[in-house]
């Protein structure tokens, strides 16, 4: 997401999410982001930057799912999270929470615990998307947060393991191919069981981060008819509903 350092907070996030267990092929994507958005379930992601949102209007405009920023590191909580999370739910939009990672600040496990405590949980109610990890370029300093590629992979694994221990689901990973391949050393350790939320603001999804052969979600634009960043799910609405429920 396009990230604006606190307190303005907003991320135009690299939303690429692929799950190998979800039988959705990247080849079905249309050749333009507008065509894709028209053909598949559309969604968006928001943070405190969007503030109060007219959720019934977002639903009317085509929103079928939304990811909402809950936390960053272990010292920031989106002050609008509760109203955004509950408001989208009441409007009949599938919703989930995401955490913006700062791997140089504390361990993956510690940040996962903070996220889980402040909105990052999951329930099999058919209306809640799995928690998401926003891991991308550092808006405050060194691109890879000063971590080696091995340390970055270990950090992501620590975060993921804690989310899985508590929620029984692996987190969606939001990232871009360029950042992932650079900062994890082209790690393919997560593609098998972590859905990809691909961030690529272009007319096509483009190359995948190492390991993934398709994305589950694609963030294709930073603005559009829905509040925040524009996303599309790589499948049918029935598949999105199953993804939320399983």
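Observations, loosely collected:
- Cα convex hull of region 15-245 - mean projected area over all directions, nm²: 10.7
- Overall form of region 98-217 per C-alpha gyration tensor (a/c, 1.5; a/b vs b/c): oblate
Just so you know, all these numbers are worked out from the coordinates, no wet-lab data involved. A quick note: this is a predicted structure, and the numbers were derived from the prediction, not measured.
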